[in-house]
Amino acid sequence: MKICVFGAASPTIDPRYIEEVEKLGREMAKRGHSLVFGGGGNGLMGAAARGVRDGGGEIVGVIPKFFDNESIEAICDFCTELVYTETMRERKQVMEDRCDAFIVVPGGIGTFEEFFEVLTLKQLCRHNKPIAVYNILGYYNELNETMKSAMAKNFIRENCSDLYMITDSPEEVLSYVESPEAERTVRDLKDG
């Protein structure tokens with residue numbers, strides 16, 4: 001399975017997050033999965049890539065050309081394949097098209113955007129790929145509460161929570177994305 005991991009590019013985050021994502025990457029490779037990611041060499045993107053590499057897995061990095069030209073972000077230099085795109089939007093599309101499942105690890109604005117885009121697309125039946133949120137050290141607790149609040153106020157359908165899974169267990173993350181039950185869309189959840 002090709003798993004897209006969305007996560008932070010920052011090199012200044014708590015090392016505990018980095019350690020957990022490296023472990024996740026190693027376990028992905030051990031289970032025979034490959035990585036599709038944003039091509040960054042630092043932060044949790046770099047950690048996922050190092051873990052998959054250390055486990056012997058394949059790595060596809062996808063990065064806009066301007067990142068390289070303008071030195072915006074360190075680029076992972078050991079990808080099996082590095083795909084350059086013209087825009088950020090194209091970058092996301094390539095990652096979405098080339099994967100079978102999504103894992104969201106802690107990150108910032110870009111990671112939030114990526115999560116909400118693939119969740120929205122799943123809700124609209126544009127894909128049927130599993131989405132797992134790896135809640136390392138409770139990073140996504142507040143986001144989870146915000147989602148529950150929006151559901152309670154009828155801004156988001158309550159059964160939207162069936163379209164993704166959030167957990168602090170790396171085993172549960174991988175088991176979920178490997179499970180056919182994770183492939184549900186809003187059509188499966190409609191009343192009639």
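Since every read-out is calculated from the coordinates, none of them should be taken as a lab result. Remember, it's a predicted structure, so these values are computed and weren't measured experimentally. Heads up, the Cβs are rebuilt from the backbone with ideal geometry, glycines too, and the neighbour counts pull from every protein chain shown.
Model label sites at D68 and I109, defined 7 Å from Cα along the beta-carbon direction, differ in position by 2.5 nm. Isolated cysteines in the chain, defined as those with no second cysteine Cβ under 4.7 Å, comprise C76, C79, C125, C160. Counting only DSSP beta bridges whose two residues both lie in the chain, roughly 5 percent are antiparallel. Relative to the first principal axis of the alpha-carbon coordinates of the chain, what is the inclination of helix 141-152, with its axis defined by its Cα atoms, in degrees from 0 to 90 and to the nearest 10? Around 30 degrees separate the two axes. Model label points for R16 and K30, set 7 angstrom from Cα along the Cα-to-Cβ axis, are 2.2 nm apart.
The string of couplings for the stretch 156-168 from the Karplus curve (6.51, -1.76, 1.60, θ = phi - 60°) is 10, 4, 4, 6, 4, 5, 7, 8, 8, 9, 10, 7, 9 Hz, one whole number per residue in order, with x for Gly and Pro. Here the sum of -39500 (n - 2.57) over DSSP H runs of 4 or more residues, divided by the residues of the chain, equals -13000 deg cm²/dmol at 222 nm, to the nearest 500.
Among the listed pairs K2/K122; K65/K148; K2/K153; K23/K148; K2/K148, those with a Cα-Cα distance over 27 Å are K65/K148; K2/K153; K23/K148; K2/K148.
Using a Förster distance of 25 angstrom, determine the FRET efficiency expected from the C-beta separation of M1 and E145, and round it to 0.05.
Numbers: r = 31 Å, r/R0 = 1.22.
Working from the Cβ atoms, E equals 0.25.
Under 5 Å from the amide H of T85 lie the amide H atoms of I63, K65, each residue being 5 or more positions distant or on a separate chain, with H modelled from the backbone and absent for Pro and chain starts.
Go ahead and run the numbers for FRET between K23 and E58, Cβ-Cβ distance against an R0 of 22 Å, rounding to 0.05. Before the final figure, lay out each step's value.
On the way: r = 18 Å, r/R0 = 0.84.
Approximately 0.75, to the nearest 0.05.
The alpha carbon centroids of the stretch 1-71 and the stretch 83-147 are separated by 14 Å. Applied to the stretch 70-83, the Karplus parametrisation 6.51 cos²θ - 1.76 cosθ + 1.60 on θ = phi - 60° returns per-residue 3J(HN,Hα) values of 9, 6, 6, 8, 5, 9, 4, 9, 10, 5, 5, 9, 10, 9 Hz, with x for Gly and Pro.
Can you compute the charge dipole magnitude of the stretch 2-189 about its Cα centre, using +1 on each Lys and Arg Cβ and -1 on each Asp and Glu Cβ, nothing else charged? Give it in debye, rounded to the nearest 20.
Working: 21 positive and 31 negative charges, 68 e Å.
My answer is approximately 320 debye.
Full extension of the chain between E172 and M88 yields a length gain of 27.2 nm, computed as 0.36 nm times the residue separation minus the alpha carbon distance. For Kirkwood radius over Cα pairs in Å, the value computed from the atomic coordinates appears in the list (i) 16.6; (ii) 22.4; (iii) 19.9 under label (i).
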